[in-house]
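We did not get these values from a lab; they are worked out from the coordinates using the rules stated. What you are looking at is a predicted structure, and each value in this text was computed from that prediction instead of being measured. Neighbour counts run over all protein chains shown; Cβ positions are idealised from the backbone, glycine included.
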Amino acid sequence: VTGLPLHVDIPGYAVENNTLLVGGRPITDIVGDADPPCYVYDSALIRRRIEELRRDLPERLELHYAIKANPMEEVVQLIAPLVDGLDVASGRELEIALRTQTPVTEISFAGPGKRDAELEQAVRAGITVNVESPGELRRLQLAADAAGRRARVAIRVNPNFELKGSGMRMSGGPKPFGIDAEVVPAVIAGLEPGLAELVGLHIFAGSQNLNAEALMEAQSLTVQLAIDLARAIDQPLTFVNIGGGFGIPYFKGDRRLDVPRVGVHLERLLDTARDALPQTRFVTELGRYIVGEAGVYACRVIDRKVSRGQTFLVTNGGMHHHLAASGNFGQVIRKDYPCLIGTRVGGPDLEEVAIVGPLCTPLDIIAAKLTVPVGTDVGDIVVVFQSGAYGLTSSPAAFLSHPAACELVV
Ligand SMILES: *Cc1c(COP(=O)(O)O)cnc(C)c1O
């Protein structure tokens, strides 16, 4: 237990003189005179999380970082040497990945709606393209022809099962992601060997899952599907990307994912796959789990008001920087992210307030109900935890034309 007054237990943060420390430094020093709002990412926590994953997951399971969770250059540069590969979802993310030392063979590009220019960029760079449809494969082969180079292709498979209990389901039934499992063999049979080289399969079932049981079930189905497809296509596979979907706790009642348990299951699963896929490398791709807990978002109280008995703290930051914390990114019923007052962590007397941002919309809520020390007022710093993933770049930054948030790595 960290001792922080949060509704979920988040390791790695401390308090000194009633002020929150991030990376061992007071939040007030970190944001200093730079007018928050600011995202602060703790490099030691990112490193520690990757070390734990290496310890808990099978040694032969390769670990990729999905850049879209947090594409800040400094964060990606920090993570790249600690993982085995990078997954990108756009041409811009590909440029970020190419500026790291990661070998191009360990960079893959997934996502529906890749433009011709992005496909050509990918072929020229020599990275792997995870193809999402037969049409995209045709366009990729045209790009390969134009570039005079063979494309490295992985087929993104839309499996015939779902990842149960996932925050965002990305598989099963009709989906924009991947090629339906039942037509994958026909699509692979149609590859032009001079233009495209099949290197693997990519099966990503869902995101933000805290349920080890559900993840393990999906992993078993994923590996079995890869084995079945490999048999049907009768071609060797260099790698199978089994997805990820490891979640972090955000809301009251969320329990941490039991990663060691998932790791034991994966060890057994990969052992049983050895007979059918002896040459195949297995990859897991994680975004949120690597960076999510290592980041906080800090903004300042600029007004305190009481409306018909309810106290509001109005801040200079909100959903334009942090859509997810406002509850408008993937939540069905809005719940508060873990928050506290970084300049006044605890106190003998407490009161209940609502914390809202500066936008002219009732959607701009940071905390609908937060217990804070009495006296919290203008100038205090509100800190939102679990903000290292899907924060700044997942938010409508241009809405209302307020100043941009800064990002710092400590
Ligand atoms: C978004 C995404 C990820 C990362 O998901 P997290 O929940 O952040 O771990 C991995 N793979 C694919 C294909 C994705 O679209």
Checklist entry - Leaving out same-chain residues fewer than 8 places away, which lysines sit with a Cα under 16 Å from that of Lys68? => result Lys114
Next on the checklist: Give me the one-decimal nm value for the distance between modelled label points at Arg92 and Glu59, 7 Å along each residue's Cα-to-Cβ direction.
Outcome noted: 4.1 nm
Item to check | Placed amide H near Ala196: partners under 5 Å, 5+ positions off or other chain | outcome: Ala151
Checklist entry - How large is the helix-only mean residue ellipticity at 222 nm for the chain, computed as the sum of -39500 (n - 2.57) over DSSP H runs with n ≥ 4, divided by its residue count, in deg cm²/dmol to the nearest 500? => result -7500 deg cm²/dmol
Checklist entry - Does anything in the stretch 349-383 have its amide N under 19 Å from the 7 Å Cα→Cβ label point of Ser401, and if so which residues? => result 358-361
Next on the checklist: Ranking request for peptides 348-359, 395-406: highest mean number of other beta-carbon atoms within 10 Å first, then the rest in descending order.
Outcome noted: 348-359, 395-406
Item to check | Residues with amide H under 5 Å from that of Asp258, placed H, sequence gap 5 or more | outcome: Ala212
Checklist entry - With a 10 Å Cβ neighbour count serving as the proxy for reagent exposure, in which order, fewest first, do Phe251, Phe246 appear? => result Phe251, Phe246
Checklist outcome for this item: Counting sequence-distant residues (5 or more places) and residues on other chains, those with an amide H built under 5 Å from that of Ile107 are Leu86, Thr128
Checklist entry - In the stretch 363-388, which residues have a backbone nitrogen under 14 Å from the label point lying 7 Å from Lys252's Cα in the Cα-to-Cβ direction? => result 367-372
Checklist outcome for this item: So the FRET efficiency between Leu142 and Ala368, C-beta based with R0 = 51 Å and rounded to 0.05, is 0.50
Checklist entry - Once phi is turned into θ = phi - 60°, what whole-Hz ³J(HN,Hα) does the Karplus curve with 6.51, -1.76 and 1.60 give for every residue of the stretch 10-27, x standing for Gly and Pro? => result 10, x, x, 10, 9, 10, 9, 6, 6, 10, 5, 9, 10, x, x, 10, x, 4
Checklist outcome for this item: Any GluC sites (Glu not before Pro) in the stretch 1-80 that lie in a DSSP loop and have at most 10 other Cβ atoms within 10 Å would be Glu59
Checklist entry - Between Asp377 and Ala189, how many nm apart are label points set 7 Å from Cα along the C-beta direction? => result 7.7 nm
Checklist outcome for this item: Sites removed, the longest contiguous part of the chain containing no DSSP-loop trypsin sites (Lys or Arg not before Pro) with at most 12 other Cβ within 10 Å is 116-251
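Can you compute the FRET efficiency between Gln101 and Gln279 using 1/(1 + (r/R0)^6), with r the Cβ-Cβ distance and R0 = 22 Å? Round to the nearest 0.05.
Plugging the Cβ-Cβ distance into 1/(1 + (r/R0)^6) gives 0.25.
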Checklist outcome for this item: Filtered hits (lysines, Cα-Cα < 19 Å from Lys369, offset >= 8 within chain) -> Lys252, Lys305, Lys335
